[in-house]
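What follows is a set of notes on a single structure, which appears directly below.
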């Protein structure tokens, strides 16, 4: 939450290049987190199927 808050404050104070960089950084972060959640859930389903 702190990173999100800091990015929001920075977003209002920087130029266009850095705004795009902040947005792309958050987009990559959320894609990686989504993939990680999917992977963990898939592993859990596989373990339950083996049991």
| query | Pulled fully out, how much extra length does the chain show between residue 13 and residue 33, if you take 0.36 nm times their separation in residues and subtract their Cα-Cα distance? | reply | 4.5 nm
| remark: Longest principal axis of the chain (C-alpha) makes with the long axis of helix 2-11 (C-alpha) an angle, in degrees to the nearest 10, of 30 degrees
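Within a 10 angstrom radius of the beta carbon, how do 19, 45 rank from fewest other beta carbons to most? Walk me through the numbers on the way to the answer.
Details: 19 14, 45 10.
Taking fewest neighbouring Cβ atoms as first place, the list is 45, 19.
May I ask for the Kirkwood hydrodynamic radius of the range 2-50, worked out over all distinct Cα pairs and given in angstroms to one decimal? It would help to have the intermediate numbers written out before the result.
Details: mean 1/r = 0.0781 Å⁻¹.
The Cα-based Kirkwood calculation yields 12.8 Å.
Estimate the FRET efficiency between residue 24 and residue 47 by the formula 1/(1 + (r/R0)^6), using the beta-carbon distance for r and 25 Å for R0, to the nearest 0.05.
Values: r = 35 Å, r/R0 = 1.40.
The value I calculate is 0.10.
Each value in this text was obtained by applying a stated rule to the coordinates, not by laboratory testing. What you see is a predicted model; the values in this text were computed from it and never measured. Ideal geometry is used to build each Cβ from the backbone, glycine not excepted, and the neighbour counts take in all protein chains shown.
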